[in-house]
Amino acid sequence: MIPRLLILGGLLAADMAYGQALPTVEQTNLRYDEDWSVLRGSPPRDVDWRRAAKYQPLSQDGKAYLTTGLEARARHEGFDNNNWGQPPAPDDSYLWLRFIPHADLHASPARAFVQLIASYARGVEPEKGGVDETGLDVQQAFADLRLPLGRKVSLTLRGGRELIALGSERLVGLRYGPNTPQPFDGGRATLQWGGTRIEMMDLKPVDVSTGDFDDRTSRTERLRGAYLTSVLPRLSSFDAYVLDYRHDDVHSALRAGHEHRQTYGVRVFGSANGWSWNWEAMVQRGHLGNSRIHAWSLATETSYRFADAPLAPDLRLRANIASGDKGRTPDRVESFNPMFPKGKYFGELSPIGPINIINVHPSVSLDLGHGVALDLAAVVYWRASRNDGIYDVPGQLIRAPGGSTARSIGTQMEAVIGWQASQILSFTFSLSTFEPGRFIRQTGPARSIRMIGSEAMLRF
């Protein structure tokens, strides 16, 4: 552990020694979407270690270039009464460490992107899994080719291993909050036509293991689909998609067999005059074993930012519902399947996933100045169906439906303070509690969950 902390300390010292800002480039968790070609033509006197890392020209015209970068993150999480005090590890405290270097080679129209990951966990009980630790492995390695088809029209073909975030990551996300993100192997074709983008994909998730270079393409799961994004009038955009998911070997507490599920969804999102919105509707059909699937979900997020008020408060209301089994007939599955959702789904503390729930989630974000922001949130959860249990974010049943007809699952409160100390250095600290409702109290251990989280990240 000490050598890794020394590396992190060295990076922190390097950031403190750097005083000149680079041009603004939106940094994303995907990293491959960052466009550092804005540094093309920078005069030699402006070159320093960060500029050299972000843009290293390989041709006279600068169109062939290399971008490199690194993320180093240390995160601690401590729990009292995790899973409401249910064994095997109700009180847990652990440290996650990860280092993610990448190199992005552009030689128009071709491009190659490689990203390694070294993720380690200390103190996870009862045992760590791939989401906690993967050792040293390949997180992303793909090549793509961009073909111009006309004015404002292009086709990009990509194949290899990559991280993928579709829309709001409710169905296909990065799993970025935990220690090891979720990569996919396969191919994508993206048609860009002005403000419209159409993606076709054929992917298999990567099964992440805890040893070095042992992550393998899944043999049991596959995701195919088409995803369209376009612009609507009045500063709004919309997504429309169909995703075809297959799982050849489902084994859960309630169901088993081959799962073939189609998800049809639409999303409307945008912002105007201080308002922003992100609303999504999803319907699922298919079969699981001999049972037919009839599931659905609605997810909304609406906010208003008082930009001219003290602390520029941003008031936000999220409201979600995801269907659960009603138990009417044994040949009907009504539990929604989020497939590959983002990690930390409902906050820093996310004991419940988006299956068989109704929740209301008000929050406020405050700008305290000097790069410091404070988020305060509350979440109230109910069961959508009294005949189905509750599930964690990966989709595992954590409380069976028998023994209670109550809907109330509980109430979560959370405070998160973040400090963006510089362009590349940030810190986060969080406090969370979850007070159990009647369903939890009537079906097993029902202590209040308390969680503390702290994180330091350097990313360039």
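The values are calculated or read from the model by the stated rules, or taken from the named source; none is laboratory data. This structure is a prediction, so every number in the text was calculated from the model and none was measured. For neighbour counting, all protein chains shown are included, and Cβ atoms are generated from backbone atoms with ideal geometry for every residue, glycine included.
So here's what we get for this one:
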item	result
Output for the stretch 295-344, where each listed residue is among the small types (G, A, S), within 19 Å of the chain's Cα centre (by Cα) and within 21 Å of L243 (Cβ to Cβ)	S297, A299, A322, G343
Residues that are more than 24 Å from Y176 (Cα to Cα) and polar (S, T, N, Q), drawn from the stretch 379-396	S385, N387
Test: I409 is modelled with pLDDT under 95 and touching a Pro at 6+ places or on another chain (Cβ under 8 Å)	no
In the stretch 357-389, the residues that are surrounded by 21 or more Cβ atoms within 10 Å (Cβ to Cβ), under 22 Å from E301 (Cβ atoms) and over 20 Å from the mean Cα position of the chain (by Cα)	Y381, R383, A384
Failed item, numbered, when Y176 is tested on (1) in a strand (DSSP E or B); (2) out of contact with any Ser or Thr (no Cβ under 9 Å at 6 or more places or on another chain); (3) within 22 Å of R31 (Cα to Cα)	(1)
Scan of the stretch 390-428 for residues that are aliphatic (A, V, I, L, M), in a loop (DSSP other than H, G, I, E, B) and surrounded by fewer than 16 Cβ atoms within 10 Å (Cβ to Cβ), ordered by number	A400
Of the criteria (1) under 26 Å from S404 (Cα atoms); (2) in contact with an Asp or Glu (Cβ under 8 Å, 6 or more places away or on another chain); (3) of a type outside the set (S, T, Y); (4) touching a residue at least 40 places away in the same chain (Cβ under 8 Å), which one R383 fails	(2)
Every pair of residues 6+ apart whose Cβ atoms lie under 9 Å, when the first sits in the stretch 295-320 and is on the phi > 0 side of the Ramachandran plot and surrounded by 14 or more Cβ atoms within 10 Å (Cβ to Cβ) while the second is of a type in the set (A, V, I, L, M, F, W, C) and in a strand (DSSP E or B)	L311/L366; L311/L368; L311/L374; A312/L366
Number of the exception - P394 against (1) at pLDDT below 95; (2) under 30 Å from L366 (Cα atoms)	(2)
Considering residues of the stretch 349-383 that are of a type in the set (D, E, K, R) and part of a strand (DSSP E or B) only, the residue nearest to R450 (Cα to Cα)	D375
Residue match in the stretch 148-168 (condition: under 17 Å from R31 (Cβ atoms), among the acidic types (D, E) and under 24 Å from the mean Cα position of the chain (by Cα))	yes
Test: residue in the stretch 142-155 that is among the β-branched types (V, I, T) and surrounded by 15 or more Cβ atoms within 10 Å (Cβ to Cβ)	no
Test result for D185, charged (D, E, K, R), crowded, with 20+ Cβ neighbours inside 10 Å and assigned to a strand (DSSP E or B)	no
Some residue of the stretch 84-100 being modelled with pLDDT of 95 or more, out of contact with any Ser or Thr (no Cβ under 8 Å at 6 or more places or on another chain) and farther than 26 Å from T428 by Cα	no
Cβ-Cβ under 7 Å pairs, at least 6 apart or on other chains, the stretch 105-133 side over 30 Å from T156 (Cβ atoms) and without any contact (Cβ under 8 Å) to a residue 40 or more places away in the chain, far side not in a strand (DSSP E or B) and not basic (K, R)	V124/D132; E125/A89; P126/P88; P126/A89
